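Everything on this sheet refers to the single structure shown next.
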Amino acid sequence: MKPTTPRKTTLLKRLIRSPELSFLMEAHNGLSARIVEAAGFAGIWASGLSMSAALGVRDNNEASWTQVLEVVEFMSDGTRVPILLDGDTGYGNFNSVRRLVRKLEQRDVAGVCLEDKLFPKTNSFINPTAQPLADADEFRGKIRAGKDAQQCDDFVIVARVEALIAGWGLDEALRRAEAYHEAGADAILIHSARPDAREVLAFKAEWGGRSPVVIVPTKYYATPTEVFRRAGFSVVIWANHLLRSALASMAATAREIFTRQSLATVEEKVAPLREVFRLQDAEELERAEARYLPAGRDAPEAAGCARDGARPGANGCCEVGRRSL
Ligand code: SPV
Ligand code: MG
């Protein structure tokens, strides 16, 4: 009998509930998700900022929720570690959240993080005056609706409190966290845009162990991870660093090739093609072709014949309608 591997939802729930500090690394497409997994991370943060940036649009819900779903499906198909989707505000009301949760479960996405702002949202670091908060009661209904909609008991819903981002202070952050916790949130993400960790540490000191707490230290990046561990946080999200490293690297390569009109100086600096093929698991397709295609035929041409409704000739080429591939 095959050993059963835990579901992705179960893996994410365990990670969030573990007494150890855990880490989620940002990814924004299938390739970066595979890179995160290969680096050894136990889970992936499907970042709204990074996915929208990779699509060339703003982090203001310019990409529709079904477009986000499509991106995260590629990420999920290509990896075994669980994915927590940054689901922004849930793309609508409680009903949108119910539908989102069902669609994520169908795609084997392990959880979703929902933030208590208004649709369309603005990235939390762009403009502190452009961060209107949702009514806490209305948001509590979204969390409850999401929890009621999930089919798998272990699907994770993280409630993200934006009160500190919006300048509403610690008491409001705690009040909201309590409301979302009561509504069934599996964890609270407390977000802060300060350059130090004081706000999130103060929140954690007051919150104690009522539920797991997730943080995103993009702005307080200089705080040693040991501080987070000692404070008892559950999960740290490294939220956008693959997108940003790719961006810096792509811009430098484009500049260099543009200026030199040559590839000679970049070849050694970029990933070799064999690494691209490895990440795509090109070998698996070769093994599958050996197993499933008729022996002795030219594989792509045989497939082309079938598509074109023609018969392969003696040499494996189509007799009619031969297409160049
Ligand atoms: C994201 O990665 O899209 C996040 C985190 O929501 S942040 O950009 O810090 O708001
Ligand atoms: Mg986001």
Spelling it out for Arg160: with amide H atoms placed in the peptide plane at 1.01 Å from N, the residues 5 or more places away or on another chain with amide H under 5 Å from its amide H are Leu114, Glu115, Asp116, Leu189
Most fluctuating of Asp171, Asp116, Asp88 in the GNM of the chain (C-alpha, under 10 Å) is Asp171
Do you know the relative contact order of the chain, to the nearest whole percent, from alpha carbon pairs under 8 angstrom that are 6+ apart?
-> 16 percent
Short version: ³J(HN,Hα) in whole Hz for each residue of the range 26-43, in order, from phi by Karplus 6.51 cos²θ - 1.76 cosθ + 1.60 (θ = phi - 60°), x for Gly and Pro, what are they?
-> 5, 9, 9, 6, x, 5, 5, 4, 5, 5, 4, 5, 5, 6, x, 5, 8, x
Of the residues Gln106, Ala54, Val227, the Cα lying farthest along the dipole of the chain towards its positive end, which is defined by charges on the beta carbon of Lys, Arg, Asp and Glu, belongs to Gln106
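Return one whole number: the accessible area per residue of the chain in Å², for a 1.4 Å probe. Show your work: numbers first, answer last.
Details: 17370 Å² over 325 residues.
With all protein chains present, the chain gives 53 Å² per residue.
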Determine Rg/Rh for the chain; Rg is computed over alpha-carbon atoms and Rh is the Kirkwood hydrodynamic estimate from the same atoms.
-> 1.06
Taking N as the number of residues in the range 38-83, what value does Rg over Cα atoms divided by 2.2 N^0.38 Å take?
-> 1.20
Calculate the spin-label point distance for Asn127 paired with Gln280, positioning each point 7 Å from the Cα along the beta-carbon direction, and give it in nanometres.
-> 4.1 nm
Dipole magnitude of the chain about its Cα centre (Cβ charges: Lys, Arg +1; Asp, Glu -1), debye to nearest 20 | 280 debye
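Roughly how large, in nm² to one decimal, is the mean projection of the convex hull of the alpha-carbon atoms in the range 1-133?
9.2 nm²
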Quantify, in whole percent, the carbon and sulfur part of the accessible surface of the range 212-280 (1.4 Å probe; protein heavy atoms only).
-> 61 percent
Multiply the residue gap between Glu206 and Thr259 by 0.36 nm, knock off their C-alpha separation, and tell me the result in nm, one decimal place.
-> 13.5 nm
Quantify, in whole percent, the carbon and sulfur part of the accessible surface of the range 13-58 (1.4 Å probe; protein heavy atoms only).
-> 56 percent
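Order the peptides 122-134, 245-257, 179-191 from the highest to the lowest mean number of other Cβ atoms within 10 Å of their residues.
Descending mean neighbour count gives 179-191, 122-134, 245-257.
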Largest first and to the nearest Å, give the Cα extent of the range 177-219 along each principal axis.
-> 31, 17, 13
To the nearest µm²/s, what D does Stokes-Einstein give for the range 56-121 at 37 °C and 0.692 mPa s, using the Kirkwood radius over alpha carbon pairs as Rh?
-> 271 µm²/s
Gyration tensor (Cα only) of the range 146-196 to equivalent ellipsoid, semi-axes in Å sorted down, yields 25, 12, 7
For the range 183-293, count all C-alpha to C-alpha pairs, find those more than 22 Å apart, and express that count as a whole percent of the total.
-> 59 percent
So how much slack lies between Phe119 and Glu226, counting 0.36 nm per residue of separation and subtracting their Cα-Cα distance, in nm?
-> 35.0 nm
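The values are calculated or read from the model by the stated rules, or taken from the named source; none is laboratory data. Note that the structure is predicted; figures quoted are calculated from it, not measured. Cβ: placed from backbone, ideal geometry, glycine included. Neighbour counts: every protein chain shown. Ligands, DNA and RNA are stripped out before the accessible areas are found, and what is left, the full protein with its side chains, is counted by its heavy atoms. Shrake-Rupley method; radii C 1.70, N 1.55, O 1.52, S 1.80 Å.
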